[in-house]
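Take a look at the structure set out below.
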Amino acid sequence: MRYAAPVQVAERAPAKQPRGLFLLFGVEMWERFSFYGMRAMLVLFLTDVQRGGFGWSKPAADKLFGTYGFCAYALPLAGGFLADRFIGTHRSMVIGAFIIAAGHFCLAIPATPTFFAGLILVVIGTGFFKPNVSTMVGQLYRQGDPRRDGGFTIFYMGVNVGGLLGPLVCGYFAESPRWGWHYGFGAAGVGMVLSLVSYLWLRPRFLAGIGDPPVRQKAATSASTSSAPAPARVPLTRIDRDCLIALVLVIVFTIPFWAAYEQTGTSMNFFAAERTQRHLLGLTIPATWFQSVNPLILIITAPIFAWMWTALARRGREPSTPVKMGAALILMAIGFAIMVAGARLSDSGALVSPLWLVGTYAFHTFGELWLSPIGLSTVTKLSPPRLTSLMMGFWFFATGAAEYVAGHLAGLTERVERGEMFHLLGGQADFFLIFVFSSLATGLVLFALAPLVRRLSHGRDV
């Protein structure tokens, strides 16, 4: 193994989660605060013409959003490889946190060169940071520990606490006449600094030995036989290869889910800004705040799901991973069916109730809980230990591919509205109908493939 041994558990795993899980929860919370805070205002800043934005067209802004998302989620593939082979997950996380913070503070400077330099730095830093914090969660559990899926669901709450607070805080500064966009970008940088400080302060107490680099691990385990030659790398077994095939199949089927889900930052963000009634009790709700609806619902419901997966696992009745993910795609389709109805009303020119967005986000959130934390857990179950960070990087690479597709699809919104590509219901309703059909079809295919994935997994709780 290339990592320090995971925290040992008894043959019968204790009911309580490892304490290190909650430190990683906090670290991920602040990193996601910065990421989602900036993400919530990116396309709105790019298209703004009145308050210091770039004044781009919507298609251009959507495409940059997709390209940025692709890079931010694709580079973790390289970050996972470097962590597995050379520097370990701990050092990779620290390096990434420094670079991300520097990127956000560059974005806070109101100049075009620093804006693009900031985006590049955030992308590079995310490549180092993102795959390794999830890998470290997996290292807290032994193979077969029934707490694993529940632990990843709790960890995923950290993602969404940050996702809740980031748009609220950064969006407040960004859309406030008193402050402006660049104060919002700077607030995101503060969140990243808090993530780094909390991790470095508490790691020795709660995560000692977790995420050490490969060289240190080898030195620690061979101190008494320092003159012996280094052992040869153990080749992958047939079972390892089958499990990797199963994992790749699962990961590929997440791409349609995230391509639909990431309309949140593009087409649905513009829907909130332009087609939604945002005046309430004499106040105007910032459009960015609607991106906090999803994490708010998730925070409320995630403990229920964490308890449910653990309870079902103890009874041997937990659905398989591909069945969970297929159900997630069906829930995504239901959410976009609600969005189609809201878009039909808005196509008349009237501002529509915010409940259309809230209802859509609710079903998307339930789908996310059936897919994302379960998928992260599955990566740690099916990956050979020396490839875990690399495969976690591949998980995020697939998310990056979905981000790219999402941005470029969102760039077609106006053409679909005008009926230039196809016409079914007409207007923007036709655009959201794309995701009803794509999610439904992909979910049904994944249900059909579930037995194959289970066979390839060789009983590894998938």
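The values are calculated or read from the model by the stated rules, or taken from the named source; none is laboratory data. This one's a predicted model, so the numbers in the text were calculated from it and none came from an experiment. For neighbour counting, all protein chains shown are included, and Cβ atoms are generated from backbone atoms with ideal geometry for every residue, glycine included.
State whether the residues of segment 3-15 include one that is in a helix (DSSP H, G or I) and either at pLDDT 90 or above or among the aromatic types (Phe, Trp, Tyr) (or both).
For segment 3-15, residues in a helix (DSSP H, G or I) and either at pLDDT 90 or above or among the aromatic types (Phe, Trp, Tyr) (or both): absent.
To keep it simple, each residue is scored yes or no on (1) aromatic (Phe, Trp, Tyr); (2) crowded, with 24+ Cβ neighbours inside 10 Å; (3) more than 19 Å from Gly342 (Cα to Cα).
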site	(1), (2), (3)
Phe363	yes, no, no
Phe366	yes, no, yes
Thr378	no, yes, yes
Leu425	no, no, no
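Quick one: Trp56 ticks every box in (1) part of a helix (DSSP H, G or I); (2) farther than 22 Å from Ile124 by Cβ except a single one, so which number is it?
(1)
Let's see how each residue does on (1) buried (at least 24 other Cβ atoms within 10 Å of the Cβ); (2) farther than 25 Å from Leu387 by Cα:
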| position | (1), (2) |
| --- | --- |
| Ala108 | no, yes |
| Val123 | no, no |
| Thr126 | yes, no |
| Phe129 | yes, no |
| Val133 | yes, no |
| Val137 | yes, no |
| Gly144 | no, no |
| Arg148 | yes, no |
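Just checking, how many residues over segment 59-72 are of a type in the set (A, V, I, L, M, F, W, C) and either within 19 Å of Gly166 (Cα to Cα) or outside any helix (DSSP H, G or I) (or both)?
Qualifying residue count for the region: 2.
Suppose we filter segment 388-446 for residues that are touching a Phe, Trp or Tyr at 6+ places or on another chain (Cβ under 6 Å) and more than 21 Å from Leu247 (Cα to Cα); how many remain?
7
Considering each residue of segment 141-167, count those that are polar (S, T, N, Q) and under 13 Å from the mean Cα position of the chain (by Cα), and give that number.
2
Residues of segment 399-415 being buried (at least 22 other Cβ atoms within 10 Å of the Cβ), out of contact with any Pro (no Cβ under 9 Å at 6 or more places or on another chain) and of a type outside the set (Ser, Thr, Tyr), which ones?
Glu403, Ala406, Gly407, Leu409
Please enumerate the residues belonging to segment 16-53 that are over 30 Å from Ala311 (Cα atoms), over 19 Å from the mean Cα position of the chain (by Cα), in a helix (DSSP H, G or I) and of a type outside the set (A, V, I, L, M, F, W, C). Spell out how you get there, then give the answer.
Residues of segment 16-53 that are over 30 Å from Ala311 (Cα atoms), as a first pass: 31, 33-53.
Next cut, over 19 Å from the mean Cα position of the chain (by Cα) only: 44-53.
So of that shortlist, the ones also in a helix (DSSP H, G or I) come out as 44-47.
If the condition is that a residue be over 30 Å from Ala311 (Cα atoms), over 19 Å from the mean Cα position of the chain (by Cα), in a helix (DSSP H, G or I) and of a type outside the set (A, V, I, L, M, F, W, C), then Thr47 is the only one that fits.
Would you mind stating whether Phe435 is modelled with pLDDT of 95 or more, surrounded by 24 or more Cβ atoms within 10 Å (Cβ to Cβ) and not small (Gly, Ala, Ser)?
yes
So which of Val197, Val252, Val193 is surrounded by fewer than 19 Cβ atoms within 10 Å (Cβ to Cβ), under 20 Å from Ser389 (Cα atoms) and modelled with pLDDT of 80 or more?
It is Val252.
Just checking, does segment 172-180 include any residue being more than 21 Å from Leu46 (Cα to Cα), small (Gly, Ala, Ser) and more than 20 Å from the chain's Cα centre (by Cα)?
Checking segment 172-180: not a single residue is more than 21 Å from Leu46 (Cα to Cα), small (Gly, Ala, Ser) and more than 20 Å from the chain's Cα centre (by Cα).
Can you spot a residue in segment 188-198 that is over 14 Å from Met38 (Cβ atoms), in a loop (DSSP other than H, G, I, E, B) and over 20 Å from the mean Cα position of the chain (by Cα)?
no
Can you spot a residue in segment 328-342 that is in contact with a strand residue (DSSP E or B) (Cβ under 9 Å, 6 or more places away or on another chain) and more than 20 Å from Val250 (Cα to Cα)?
The answer is yes, given that some residue of segment 328-342 is in contact with a strand residue (DSSP E or B) (Cβ under 9 Å, 6 or more places away or on another chain) and more than 20 Å from Val250 (Cα to Cα).
Of everything in segment 60-81, what is surrounded by fewer than 17 Cβ atoms within 10 Å (Cβ to Cβ) and at pLDDT 90 or above? Give them in sequence order.
Ala60
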